[in-house]
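S.K.: Encoded as structure tokens, here's the structure I'll be asking about.
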Amino acid sequence: MNKFIAQEEQFCAHNYEPLPVVLSRGRGIHLWDEQGRRYTDMMSAYSAVSHGHLHPRLVSALNKQIAQLAVISRAFYSDKLGPFLEKACEITGQDRALPMNTGAEAVETALKAARKWAYQVKGVPKNKAEIIACEGNFHGRTIAIVGLSSEDQYREGFGPFPGGLKTIAFADADALEQAITPNTAAFIVEPIQGENGIIVPPEGYLAKCAEICKKHNVLLLVDEIQTGLGRTGRMFACEYDNIKPDGLILGKALGGGLLPVSMFLSSREVMDVFTPGDHGSTFGGNPLAAAVGLEALNVVIEKQFPQQAEKLGEYFMAGLREIKCDAVTDVRGKGLLIGVEFDPEKITARQVCEALMQKNILSKETHDTVVRFAPPLVITQQEIDEALAIIQNVFEAI
Ligand SMILES: *Cc1c(COP(=O)(O)O)cnc(C)c1O
């Protein structure tokens, strides 16, 4: 066995099952293993690397900032956090942002804000606030968040979970209306369920949810950690339904593929339930993260990531649909967030990923049946053509 694989197997917790490739370099849409073999990245680290690996403008922003100041905690102000958050509020239309590091922390922040808002503003009796989420959701891995999950493996062995959490069917607005009670604080939802297999709800679903939430004075919290910042062909996937959520959660690509940067954004009414000492993070919003985050947003806007993802996503998906392969049961997605579903009686998604890896394309299955194609948004049409030719060979050999 490769020595680095053996070393990880010995010293790292076995909480992932990586493909057997040892990467040592990356640039743009490409990754290289230690022997110098080049791969095309169709994973983008679960959309954290939408900008591509080591985007020169982001590396330059990081280098510039790291020569000045990196971490100070929020005990002090910095000359980088304000400009970053102003930009984030400007492009989301939200009033205020609370910076964190990982996606799960930003989701926790949203849930805490919603609960406190329910008590202070909505008037829900103490400790009675309820949060509704969807079956098949993925919002992260903390105990509270897996308490919201409907996935047995995410929960089994980790209970007990906090109370006041429930799940309803995804893509079913009526189920939401029925689940709401006078104590409901918030409904949290992904515009497209990424980890559940790139599940796209019917058009208008989020708009209906927004209407129902408004009617019942329930906060609509949209988790765009994976779908946000251009990935689906819009800056935010909820723009397809023309809605502005009461709370928006960002992460992954917000750090430009260099650092963990996340945030929860909302109105003053919601965000102002937080007072000094209520909630925080030592690293959240540090000058290094803020400098990289701001440049990551600038690149998304200037390089027109949403338009690129829309155009190239349609092209890529059309190409995938043209491939003749009996084992493929569905090709779906939006923008450059694409899932190909396989008939498990014919082949597992893992086997497809291993076959793609042999031909220098890296992706990872989600669940047992879906292979994801979510390249960095800097990919070109020619590079998609090259990838499609290989994917076609691999699929046709199945
Ligand atoms: C990845 C992801 C998270 C969790 O983010 P981490 O940075 O891994 O904590 C939450 N929600 C969605 C939709 C995600 O895709």
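S.K.: Name the single residue that is farthest from the ligand (Cβ to nearest atom) among those in the range 226-235 being open to solvent by less than 10 Å² (accessible area, probe 1.4 Å) and not β-branched (V, I, T). Quick ask: steps written out before the conclusion?
M.R.: Let us first name the residues in the range 226-235 that are open to solvent by less than 10 Å² (accessible area, probe 1.4 Å), namely 227-233.
Next cut, not β-branched (V, I, T) only: 228-231, 233.
Numbers: G228: 9, L229: 12, G230: 15, R231: 10, G233: 17 Å.
Filtering the range 226-235 for residues that are open to solvent by less than 10 Å² (accessible area, probe 1.4 Å) and not β-branched (V, I, T), the one farthest from the ligand (Cβ to nearest atom) comes out as G233.
S.K.: Now for a separate question. Within the range 22-39, is even one residue outside any loop (DSSP other than H, G, I, E, B) and within 16 Å of the ligand (Cβ to nearest atom)? Before the answer, list the steps.
M.R.: Pass one, the range 22-39, residues outside any loop (DSSP other than H, G, I, E, B): 23-28, 30-33, 38-39.
The next check asks that each one be within 16 Å of the ligand (Cβ to nearest atom); those that pass are none.
No - not one qualifying residue is present in the range 22-39.
S.K.: Follow-up. Can you tell me which residue among C238, C213 is within 16 Å of the ligand (Cβ to nearest atom) and either open to solvent by 60 Å² or more (accessible area, probe 1.4 Å) or assigned to a helix (DSSP H, G or I) (or both)? Give the derivation first.
M.R.: Working: C213 fails: within 16 Å of the ligand (Cβ to nearest atom).
Selected residue: C238, the only one of C238, C213 that is within 16 Å of the ligand (Cβ to nearest atom) and either open to solvent by 60 Å² or more (accessible area, probe 1.4 Å) or assigned to a helix (DSSP H, G or I) (or both).
S.K.: If only one of K122, K87, K112 is at pLDDT 95 or above, within 16 Å of the ligand (Cβ to nearest atom) and either assigned by TED's automatic domain parsing to the domain that holds A289 or closer than 18 Å to L229 by Cα (or both), which one is it? Step through it out loud before you land on a result.
M.R.: Numbers: K122 fails: within 16 Å of the ligand (Cβ to nearest atom); K87 fails: within 16 Å of the ligand (Cβ to nearest atom).
Going through K122, K87, K112 in turn, the sole match is K112.
S.K.: State all residues of the range 348-366 that are surrounded by fewer than 19 Cβ atoms within 10 Å (Cβ to Cβ) and of a type in the set (A, V, I, L, M, F, W, C); if no residue qualifies, say none. Write out each step before concluding.
M.R.: Of all residues in the range 348-366, those surrounded by fewer than 19 Cβ atoms within 10 Å (Cβ to Cβ) come to 348, 350-351, 354-355, 357-360.
Once the filter is applied, which keeps residues that are surrounded by fewer than 19 Cβ atoms within 10 Å (Cβ to Cβ) and of a type in the set (A, V, I, L, M, F, W, C), the range 348-366 yields A355, M357.
S.K.: When the residues of the range 308-332 are narrowed to those that are touching a Gly at 6+ places or on another chain (Cβ under 7 Å) and part of a helix (DSSP H, G or I), which ends up surrounded by the most Cβ atoms within 10 Å (Cβ to Cβ)?
M.R.: Within the range 308-332, the subset touching a Gly at 6+ places or on another chain (Cβ under 7 Å) is 309-310, 313, 317, 332.
Then drop every residue that is not part of a helix (DSSP H, G or I), which leaves 309-310, 313, 317.
Numbers: A309: 27, E310: 18, G313: 24, M317: 20.
My answer is A309.
S.K.: Continuing with this model, one more query. Hey, can you tell me all the residues within the range 280-304 that are closer than 18 Å to D95 by Cα and out of contact with any Phe, Trp or Tyr (no Cβ under 6 Å at 6 or more places or on another chain)?
M.R.: Across the range 280-304, the qualifying residues are G285, L297.
S.K.: Mind listing just one residue for me: the one in the range 135-148 that is within 11 Å of the ligand (Cβ to nearest atom) and within 14 Å of G194 (Cα to Cα) and, of those, surrounded by the most Cβ atoms within 10 Å (Cβ to Cβ)?
M.R.: If we take residues in the range 135-148 being within 11 Å of the ligand (Cβ to nearest atom) and within 14 Å of G194 (Cα to Cα), then H139 is surrounded by the most Cβ atoms within 10 Å (Cβ to Cβ).
S.K.: Shifting gears a bit: Out of (1) in contact with a Phe, Trp or Tyr (Cβ under 6 Å, 6 or more places away or on another chain); (2) open to solvent by 10 Å² or more (accessible area, probe 1.4 Å); (3) over 24 Å from I192 (Cα atoms); (4) not aromatic (F, W, Y), the odd one out for T369 is which?
M.R.: (3)
The values are calculated or read from the model by the stated rules, or taken from the named source; none is laboratory data. None of these values were measured; they are calculated from a predicted model. Quick reminder, even Gly has a Cβ in these numbers, built from the backbone with ideal geometry, and neighbours come from all protein chains shown. The area values use the complete protein model at the heavy-atom level, side chains included, leaving out ligands, DNA and RNA. Shrake-Rupley method; radii C 1.70, N 1.55, O 1.52, S 1.80 Å.
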